[in-house]
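Data first, discussion second: the structure below is written as structure tokens.
The values are calculated or read from the model by the stated rules, or taken from the named source; none is laboratory data. Given the structure is predicted, the values throughout are model-derived calculations rather than measurements. Ideal geometry is used to build each Cβ from the backbone, glycine not excepted, and the neighbour counts take in all protein chains shown. The protein model used for the area step is the full one, side chains on, heavy atoms only, and it has no ligands, DNA or RNA in it. Shrake-Rupley method; radii C 1.70, N 1.55, O 1.52, S 1.80 Å.
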Amino acid sequence: PMADKPLRVAMMGLGGYANIVAKGMQECKLAKITGVISGTPSKVDTWKQKYGIPDGNVYNYDTVNQLKNNPDIDLVYVTTPNSLHHKHVLQIAAAGKHVICEKPVADNAKQAREMIAACEKAGVRFYIGYRLHFEPHTREVIRMREAGEFGKIMHVNNFMGFKIGDPTQWRLKKELAGGGAMMDVGVYALNGARYSTGEEPVWVTAQESKTDPVKFKDVDETITFQLGFPSGIIANCGCTYNFNHGERLHLMGDKGWAEMVPAFGYGPIRGNTHLGPINQPDVNHQAYQMDGIADCILNNKPDPNVTGHEGLKDMIVVDAVYESIRKGGAKIF
Ligand code: NDP
């Protein structure tokens, strides 16, 4: 049953992922959808009917500042194209609402820093939609690593990608996507390297391969990148927009290992370790994430590892990946 005072969420940008989040949220106990922000009236009509949203909780991109007068909305979930996240999060912070922003947090670390500063100044909480931090198989691998069950971590090998369709979509336009495969799915391999090791990289190298310069004229198609960590671990990671079947996380220690395939999609997530299959429940990622974040806000609990600062840490590496490709050689922090 729904809590007496759930977290009231408005979705901003009613596209593919907003629909998946809204569907998942029907399982939530602590969060519910009470509003929408959209540029497409026909979608708004559908959402109003489906989720019982009153007229007074409907906004468009020009009326976001009016959210400040609406006590019926606590948080806005931004699921617009990547390059609009910066502008939208600044608008929401100015309206005094908490915000969840989808990955990648922004186009670069500079924007991410500005978003964090704006939310801090406004006194609102700022999260990134890193749903895997709530996912039980992923949590179990992190728990095992923290408990020392893999011994000393020696190496990580992560990949995430898919073959992208429609050549006219925003994901292939730099001005809306900020970049290509690295921005969209490379961040899973990167975030996975950070949460599976529990360390922050001290150097980055990267390489790009473009086999279809027409389709990928604006953005990166396939990138491989290496992260060097303080303890000596190297993570060898990759991402692509031009083939399927590559998705995995592989963590190798001197006493054991974990391999998750698939590791980053909506699930079911599957994995094995040196001790056997990872036996954890299959959950709805979006419902778990939203109840997890709602619990922090409503019950004033410490934020999980999905804050704007986490997004910034990834963006610093993304910047370094692109810089390394541009210049050749390593980016050393
Ligand atoms: P879609 O294109 O399906 O939806 C984006 C929506 O943003 C549109 O439907 C539109 O909604 C709104 N929008 C506002 N301005 C523009 C514009 N100029 N061009 C296009 N759309 C615009 O994208 P996705 O839902 O797939 O992705 C949205 C975000 O969510 C991305 O940042 C992506 O990285 C992230 N994402 C995260 C996932 C995860 O697992 N965490 C999975 C999938 C995506 P409206 O018509 O209502 O204005």
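Just a few scattered comments:
- Of all residues in segment 209-252, those satisfying the criterion of being open to solvent by 10 Å² or more (accessible area, probe 1.4 Å), outside any loop (DSSP other than H, G, I, E, B) and not aliphatic (A, V, I, L, M) are SER209, THR222, THR224, GLN226, ASN236, ARG248, HIS250.
- Residues that are open to solvent by less than 10 Å² (accessible area, probe 1.4 Å) and in a strand (DSSP E or B), drawn from segment 253-264: ALA258, MET260
- Qualifying residue in segment 243-260 (condition: within 24 Å of VAL306 (Cβ to Cβ) and among the aromatic types (Phe, Trp, Tyr)): no
- Residue check for TYR61: among the aromatic types (Phe, Trp, Tyr) and more than 10 Å from the ligand (Cβ to nearest atom): no
- Each residue in segment 118-170 was checked for being within 16 Å of the ligand (Cβ to nearest atom), buried (at least 20 other Cβ atoms within 10 Å of the Cβ) and of a type in the set (Phe, Trp, Tyr), and 4 of them qualify.
- Listed here are the helices (runs of 4 or more DSSP H) enclosed by segment 13-117 that have at least 2 residues being surrounded by fewer than 16 Cβ atoms within 10 Å (Cβ to Cβ): 16-25, 41-51.
- Residues located in segment 265-290, provided they are in a helix (DSSP H, G or I) and among the hydrophobic types (A, V, I, L, M, F, W, C): ALA287, MET290
- Residue count for segment 291-333 under the criterion of being hydroxyl-bearing (Ser, Thr, Tyr) and part of a strand (DSSP E or B): the result is 1.
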